Amino acid sequence: MNGIANRMPKFIRRADPAVVTAFACIVLLLFLGSLYSRSFLSPEYLLQQLKVASFLGVIATGMMLVILLGQIDLSVPWSVAVGAMMACAAAAYGPVGVALAIPFGIFCGVAIGIVNGIGVAYLRIPSMIITLATNAVAQGLMVVYTGGFSPQDSATGAMRYLATGFAIPAVPNAVIIWALIGAAMVFVLTRTGFGRTVYGIGNRERAAYLSGIDTRRVVMIAFAVSGGLSAFGGVLLAGYASKAAQSMGDAYLLPSIAAVVLGGTSILGGRGSYLGTVAGVILITLLQSILSVMQMPEAGRQIIYGVVIVAMLLLYGRAPASR
Amino acid sequence: EPEIVKGPAAEPDCFAPWAADTQFFKFPKKEGPYRVALANGYIANTWRIQMIQTAKAYAAQKDVAAKLKEFKVVSTGEDVPAQISAINNFIDSGFDAIVVNAQNPTAFGPVIKRAKEAGVVLVAFDNILDTKDAINVNVDQKGLGELWANWLVKHVPNGGKVLEVRGVAGTSVDTDRHNGIHEVFGASGKKWEVTEVVGKWDDGVAQKATADAIATNGPFDAITGQGGDTGIVQAMIDAKHAFVPFGGETENGFRKFCAAHAADGLKCSSAGTGPAQVAVAIKTAIAALEGEVVPQSVKLPLAIVEDPNFKEGQDYFPDQSDNFFVGNAFPTCGINFTAQEIMGQTKADQ
Amino acid sequence: MKDWRYWLAEQRGTLLAFGIFIAMFVIYTTNHPAGFTANVVQTASNKGVLLAFVAMAQTLVVITAGIDLSVGMIFTLTNCLASWLVIGTGIETAFGVVAVLGTGLLCGAINGAIVIYGRLQPIVATIATGAVYFGIALLLRPFPGGSVNEDLADALTGRLFGVVPASLVVLLAVVLVVWVPFSRSVLGRAAYAAGSSETAAYMSGVPIRRGKFAAYALAGLLAAIGGLFLTFFTYTGDAAYASGNAYTLFSIAAVVLGGVSLFGGKGSAIGAIFGALAFRTIGDLLFVFDFDPLWQPLFQGVILLIAVSLGAFALFRVRNRLEWFL
Amino acid sequence: MDGAVPLFRMEGISKRYGGVRALEKAELSVTPGSIHAILGENGAGKSTLIKVMAGVVAPDEGRMILDGNEVNFASPAAANKAGIVCIFQELSLVPELSVADNIVISDPPTRFGMIDRKAQRRIAEEALARAGGADIHPLALVKDLPLSRRQMVEIAKALARKPRILILDEATSALTATDVAKIFEVLKRLREEGLALLYISHRMNEIAELADQCTVFRNGRNVASYAAGSKSDNEVVELMIGREYSHIFPPKPVRAASDAAPVLEARKLSWADRLDNVSLTVGAGEVVGLGGLDGQGQRELLLAFFGVLRGLSGQILIDGRPVAIASPAAARDDRVGMALIPEDRKTEGLMLPMTVRENLSFAALDRLSKAGVIDRAAEQRLIDDMVGLLAIKTAGLDIPVGALSGGNQQKVVIAKWLMRQPRIILLNDPTRGIDVGTKQELYQLMRKLAEAGAAILFYSTDYDELIGCCDKVLVLYDGAVKRELVGAEITERALISSALNIHGENAGPRQGADA
Ligand SMILES: Nc1ncnc2c1ncn2[C@@H]1O[C@H](COP(=O)(O)OP(=O)(O)OP(=O)(O)O)[C@@H](O)[C@H]1O
Ligand SMILES: Nc1ncnc2c1ncn2[C@@H]1O[C@H](COP(=O)(O)OP(=O)(O)OP(=O)(O)O)[C@@H](O)[C@H]1O
Ligand SMILES: O[C@@H]1[C@@H](O)[C@H](O)OC[C@H]1O
Ligand SMILES: [Mg+2]
Ligand SMILES: [Mg+2]
């Protein structure tokens, strides 16, 4: 107990100003929302937001890992869809299928990630373009699949439970899962050799390579993890919606990038903390939700969304001045 | 160049004119068999996949196949110019008729002109064209909105709070349905307080928007959704929102819910037109090539099922995918696919 | 080494893109039911030129080692604006064209200002401004519609002397009027230098900020030319989100296929144009190969995957592994 | 010269970076027609001073006076306009642009608003010729040139700007004697033409040859100014480091070269057109030097051992057994136990924004982890050892390594490899841009490691170092070993003549084979 109390101040002292500001923005957003309606401060609404945020949170976790390497993963949309669809598909194959549904969905995402990883790490194709291409291939595969194989697309009980159940009263399982994945990510990034290597490669891959690191393997693993987490996000989304659909992932690409960067991670790689990503994810989710509930017409919503992101970044996301 | 003639159309029950003043076309008769193309835009959703599967299945039916020399399908994605170019290419390649699900109703002016000059029959369906120079196979979108609103007016006697989950902003489908709903509400004489959120015809988006709306503006006395209705009901269940009357689309998942929870208050009107309208469009194109009289604007019947008439195995299929649209038959046109027939094609069938 | 060898080395990416495009286009036209006719070429060029403009826009920004994820939205916004303004008498139309191009320039300038003077990372900054531009497009055109001066539209999407697609001529003119002067100007060189090594450029007294700003602003202008052309091609304005996004992503693919380095400082808009034309031909190949309709998206994806992997063959020539890391 | 009117004066210049005082009331004046050398330890403030002069860094306080008028430079461009041109080390060439583009970069000739390529090429060719780099093709991309050629381009670029004051910050640190000689001729000519030159270098012999006036910096202050030649080397070094200065090279052990068991051995290594049948052995405890003009394959040889090159022919043997080393990961593996101190510490040795701690343990993470998790206590112990062993001067372990001075950065690179206790250490010109004090520490460390049994292969562009440190030197020319010098044979004369691939005594400098 005492240990935790002792650590808190240090933890705050060490915190990146960007992360602190991002959290301050969250509070501000909620305050502004509460001027419109008290319900924005209700526990149900906040938990509901956290639950919805956890889907983006899981996906953004993978995106962050890749961005830390100085890369990007544009295959998120169809990795999410593939995860969701394939998990549901597995369920068509009897009890074994049902049992393996979740791992199978994740595995398919990992497979996409591995292709990305091979392209980026071994073939040195810019990630922005290889992931765009695998995204197109994944879409093609799912169209073929849907049209020809009598797809089963209902989520299994386990998927539903993960996304919407309550293992702990009042705390949605999705939130717990995000917390677990987040904790694992924090651990990996701060405590393991792999994490250090990720930051090292993000800063200077050449130096990392000459330090005797198999940088290609690390890049490959990071993309595989990103694919897997996108797919897992898809599995959770399918659980939430109780079914899988093709367009599931479309809404997650740009927000996942924005969330990571709003959280203070450098798009050039090598710098950023997971706590920032958490803040970014919550920010984006809240912003979208508040605009939606205010019944802002789509046009106004887009404009405000864009302006708020630029404003927040100008507040704390600026690169240092050169002189 | 078609001749403008007097009705009625060749198969009046199927080729129903949109309105009293709808013109009728009679194209010069061409000798078959014909080369027909389907220029689809977006492809990556179940509705479109189901549509393409139906088109293939329809073109493969014996009597239809006999009339077709070639049936070619191209999907060009979201990009309008790509679809325009596809139609241009079909024209240049000498196709006799082109069926199109247009990405944009107003962008095809030049291509319609070219088709006309080249004597190619152009038939639009689902997302139709703003023109009097091509044939449109129309769904009465506004009528659909009216139908849902009437259902709610009937089932919520004193008016109240309504959640309206809209589709994709800026499309005519969304606007027409929305206008239909609000005209009926306005004329009902009851007091309605409508909360509008955007669901983009997508279960995930609709579910989130609904969950947020319930948490902040709920509870509601009635719901209407243009699509993503399975997600909307799911959000109600998750939020432990009471079941209330619902006017929505024809997704299998939605209908499953309607059937299961009718007793608890989920009284539904489920209506729309399924992807099989592509078959009507192809049929219209062939009829036009054969020199039959067809309306410039064909009005499709709506497939409607309302509480308490949901029949398992006919109106919904408990062990089939949630994602497909059940309204998939147009008996007046002799088109009788069941959705599961289309989506249930297995590897062996191919 | 002889001078021409250096030239060749510099143009390698462009020439490769040219080669890929020609190869694909030959496969396409030789298998096309109508063959290599003026119509087929015109159709292909109208479609290709649209992406070419957006890809040129993307090139300018990528050269500075930035990226513009709002080009598609500027393209969409200017399309919507043009469907209001580019109509009427000659004077009115001309005024409309100027207004549309000015708007594009302004959007690009805003991006540039935010990235350079606001010091924000271009990826997120342009995701955000892209949302704003799309929002404005939607305000202008809540529904598809509007109109355009059809005489002008037909002239620019038609053919000259019955054979040459006018759109290609416009593209060439834009290359000569915008790209060539820019790439050879002091500002253009500053943009390249900033993209290659910002510190080095700064230390050398290169006007990097002005160079980068010019690149972003001109990118907006080029995207607007694209938007204008879209209006000529479709006669209407349409605030379509998915299509705007698609153009942004396609432009990145085109730029890479065109030999422009995403790391900045290297490549040319000419390469990107061929990249764009090649990318468009991938879609056209669907006409000539008889694929099951549901397999078409997969086919396109696979071709794209193969095309972007082509560059990787150079890797097998690398004998010093440090070259992997630039 | 002392009586000459200063062209430019700096008075009371201070600059702080956070807690670090880079400059503290520094003074300097520059007279036309003279070469003014600036000396000082790593981190003494030399670079900061000239960055202030060149408009790269804004000073916190102080005045600058040019031609009697106070000036203030808002940017490097402004300083250039005033006639102050600086050659920063490696920082200011744009790699993707051509040599000609780079030479005219700050003020390209234009016609009708566009860059006039013909004129540009003419200017570039002239400038290259003046700088002694006429063999460099103006259309070549800078990124394709070896370091020594890039330095030539830098100088040409500076000359093309018609400077009144020309500043060279360690501009020769990557060059070999021949190139340096060429540049010196240029500099002397410029002095004749009336330019004011500021020259920063850690090489005492260069300063002795070139300078008219010297200023020594220590801890951000100018501690002494004197006419060149008026102080002995030892006195100067003591001024610089502020302490007594003892003999620079540690004594070499006396023993027969043959009694060392070969640890690292190469047999007929060839690679592309850069390595040509190189055979060599390095024994335990032996320091073997690689000599020759820069760019004769020395760097490639080190990279070949370290598993970086593909398509290598010939054999590498470790402890007499042939091994295949396909990557640095394989090279550092215990079976081989190799370490490479790379050429460029900023891009190959370190991740500048990461902390000193993270950089130090980076190459040894596998050893410091159990099941992938870093044992932080063990990490801390090993880091403390290394910081102590190499006397790394840092404000803390959790500051970015980029904030350390050049010499200390280099120590971090070496320490990070020593953490693995390598048996074979490859050093690629490790003392570049490092002050005498630190150099001396490195020489001693090298010897200590050798005595502990390490096999050391050491490439240096500085002949004094090779002479002072090595038991044996292999001189490379055009990728092949031209001569092996052992023990007392290692003399400056022998090194130079074999580097130029000439055996007669009338060895005159000749153009190196380089493009
Ligand atoms: N941008 C900066 N941020 C923080 N500290 C800096 C910065 N630039 C210089 N310093 C510090 O200022 C001091 C002087 O540095 P400077 O580079 O002027 O030394 P120097 O004499 O050129 O050393 P060297 O011989 O290694 O080149 C050093 O302690 C350095 O750490
Ligand atoms: N971002 C930074 N933060 C802190 N200190 C910095 C930073 N950048 C540079 N420095 C300091 O500025 C000094 C001068 O930088 P410079 O690039 O001249 O390197 P240097 O020390 O002269 O290295 P070299 O000896 O290789 O020339 C460095 O020694 C370093 O201490
Ligand atoms: O008509 C719509 C169709 O075009 C779209 O693709 O899917 C949903 C349908 O309602
Ligand atoms: Mg220095
Ligand atoms: Mg230095």
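Check the straight Cα-Cα distances from D:K370 and name the lysines below 23 Å, setting aside those fewer than 8 residues away within the same chain. Qualifying lysines at Cα under 23 Å: D:K416. For the pairs B:K116/B:K283; D:K252/D:K472; D:K81/D:K346; D:K51/D:K157; B:K26/B:K56, flag any whose C-alpha to C-alpha distance is greater than 21 Å. In this structure, D:K81/D:K346; B:K26/B:K56 lie more than 21 Å apart at Cα. Between D:E238 and D:R335, the distance separating the two model label sites (each 7 Å from Cα on the Cα→Cβ line) works out to 5.5 nm. Counting only lysines at least 8 places from B:K240 when in the same chain, those with an alpha carbon closer than 16 Å to its own are A:K51, B:K208. Here's the picture: charge each Lys and Arg Cβ at +1 and each Asp and Glu Cβ at -1 in segment B:44-141, and of B:V99, B:I128, B:Q61 the one pushed furthest to the positive end of that dipole is B:Q61. In chain D, Cα pairs under 8 Å separated by at least six residues give a relative contact order of 16 percent. FRET efficiency for the D:T110 to D:D375 pair, using the beta carbon distance and R₀ = 35 Å, is estimated at 0.05. Ellipsoid fit via the Cα gyration tensor, chain A: semi-axes of 29, 27, 20 Å, each the root of five times an eigenvalue, largest first. Top mean-square fluctuation among C:N79, C:N111, C:N31, Gaussian network model of chain C, C-alpha springs under 10 Å? Highest fluctuation among the options: C:N31. The average projected area of chain D, computed from the convex hull of its Cα atoms over all directions, is 25.5 nm². For segment B:46-92 and segment B:241-294, what is the centre-to-centre distance using only Cα atoms, to the nearest Å? Computed from Cα coordinates, the inter-centre distance equals 22 Å. Only Cα pairs under 8 Å and 6+ residues apart enter the sum, and on that basis the relative contact order of chain A stands at 32 percent.
For segment C:99-237, the Kirkwood hydrodynamic radius comes to 16.8 Å, computed from all pairs of different C-alpha atoms. Spatially, segment C:225-275 and segment A:222-238 are offset by 30 Å when compared through their Cα centroids. Taking a point 7 angstrom from the Cα of C:V98 along the C-beta vector, which residues in segment C:217-237 have backbone N less than 11 Å away? What the label zone holds, given the 11 Å backbone N cut-off, is no residue at all.
Per the Debye formula with a single identical scatterer at each Cα and no solvent contribution, what log10 I(q)/I(0) holds for segment C:280-326 at q = 0.15, 0.20, 0.27, 0.30 Å⁻¹? Relative scattering, expressed as log10 I(q)/I(0), comes to -0.53, -0.68, -0.96, -1.08.
Working note: 222 nm ellipticity from helices only, DSSP H runs with n ≥ 4, each -39,500 (n - 2.57), summed and divided by the residues of chain B, gives -11500 deg cm²/dmol to the nearest 500.
Projecting the Cα atoms of C:P33, C:P165, C:V61 onto the charge dipole of segment C:3-324 (Cβ charges, centred on the Cα centre) puts C:V61 farthest toward the positive pole. When only alpha carbons of chain C are considered, Rg and Dmax amount to 19.7, 63 Å.
Shape index of the protein assembly as shown: Rg/Rh, with Rg the Cα radius of gyration and Rh the Kirkwood radius from the inverse mean 1/r over Cα pairs, equals 1.02. Taking the Cα centre of the protein assembly as shown as origin and assigning +1 to Lys and Arg Cβ atoms and -1 to Asp and Glu Cβ atoms, the resulting dipole is close to 2160 debye.
Across C:P293, C:P33, C:P181, mean-square fluctuation computed from a Gaussian network of chain C (C-alpha pairs under 10 Å connected) peaks at C:P293. Computed over the alpha-carbon atoms, segment A:149-194 gives an Rg to Rh ratio of 1.20, Rh here being the Kirkwood radius from the mean inverse distance. Assuming a viscosity of 0.890 mPa s and a temperature of 25 °C, what translational diffusion coefficient in µm² per second does Stokes-Einstein assign to chain B, Rh being the Kirkwood radius over Cα pairs? In µm²/s, the coefficient is 118.
Put simply, the C-alpha atoms of segment C:173-326 give a gyration tensor, and the ellipsoid matching it has half-axes of 31, 25, 12 Å, longest first.
Between the beta carbons of D:E489 and A:L268, assuming R0 = 60 Å, the FRET efficiency works out to 0.75 to the nearest 0.05. From the largest down, segment C:66-114 spans 40, 17, 11 angstrom on the principal axes of its Cα atoms. For segment D:8-247, the normalised intensity computed at q = 0.08, 0.11, 0.16 Å⁻¹ comes to -0.30, -0.57, -1.17 (log10 of I(q)/I(0), Debye sum over alpha carbons, equal scatterers, no solvent). Comparing B:K190, B:K267, B:K299 in a Gaussian network model of chain B (Cα springs below 10 Å), the most mobile by mean-square fluctuation is B:K190.
When segment D:8-247 is described by a simple charge dipole with +1 on each Lys and Arg Cβ and -1 on each Asp and Glu Cβ, the residue from D:G43, D:I241, D:I65 located farthest towards its positive end is D:I65. How much FRET efficiency would the formula 1/(1 + (r/R0)^6) give for B:T338 and B:E3, where r is the Cβ-Cβ distance and R0 is 30 Å, rounded to 0.05? Efficiency at R0 = 30 Å is approximately 0.20.
Taking each DSSP H run with n ≥ 4 as -39500 (n - 2.57) and averaging over every residue of chain D yields -9000 deg cm²/dmol at 222 nm. For B:K299, the residues whose modelled amide H falls within less than 5 Å of its own, excluding neighbours fewer than 5 places apart on the same chain, are B:A16, B:W18, B:N138.
Quotient of the Cα radius of gyration of segment D:264-500 and 2.2 N^0.38 Å, N being its number of residues: 1.00.
Phi angles of segment C:115-130 translate, via the Karplus equation with coefficients 6.51, -1.76, 1.60 and θ = phi - 60°, into HN-Hα couplings of 6, 8, 7, x, 6, 9, 5, x, 4, 6, 4, 7, 4, 5, 5, x Hz per residue; Gly and Pro are given as x.
Absence of a disulfide-compatible partner, taken as no other cysteine beta carbon within less than 4.7 angstrom, is noted in chain B for none of its cysteines. Only Cα pairs under 8 Å and 6+ residues apart enter the sum, and on that basis the relative contact order of segment C:100-182 stands at 12 percent. Across segment B:1-109, Cα-Cα pairs more than 19 Å apart make up 58 percent of the total.
Dipole magnitude for segment B:206-279: computed about the Cα centre from +1 point charges on Lys and Arg Cβ and -1 point charges on Asp and Glu Cβ, it is near 100 debye.
When both segment C:1-51 and segment C:99-158 are represented by their alpha-carbon centers, they are found 28 Å apart. All C-alpha pair distances within segment D:98-142, sorted into 10 Å bins from zero, spread as 32, 56, 12, 1 percent across the bins.
About its Cα centre, the dipole of segment B:38-163 is roughly 260 debye, where the only charges are +1 on Lys and Arg Cβ and -1 on Asp and Glu Cβ.
Read-outs throughout are calculated quantities, based only on the coordinates presented, and are distinct from any laboratory measurement. If you're wondering where the values come from, they're calculated on a predicted model, not measured in any experiment. Cβ atoms come from the backbone with ideal geometry, glycine included; neighbour counts cover every protein chain shown.
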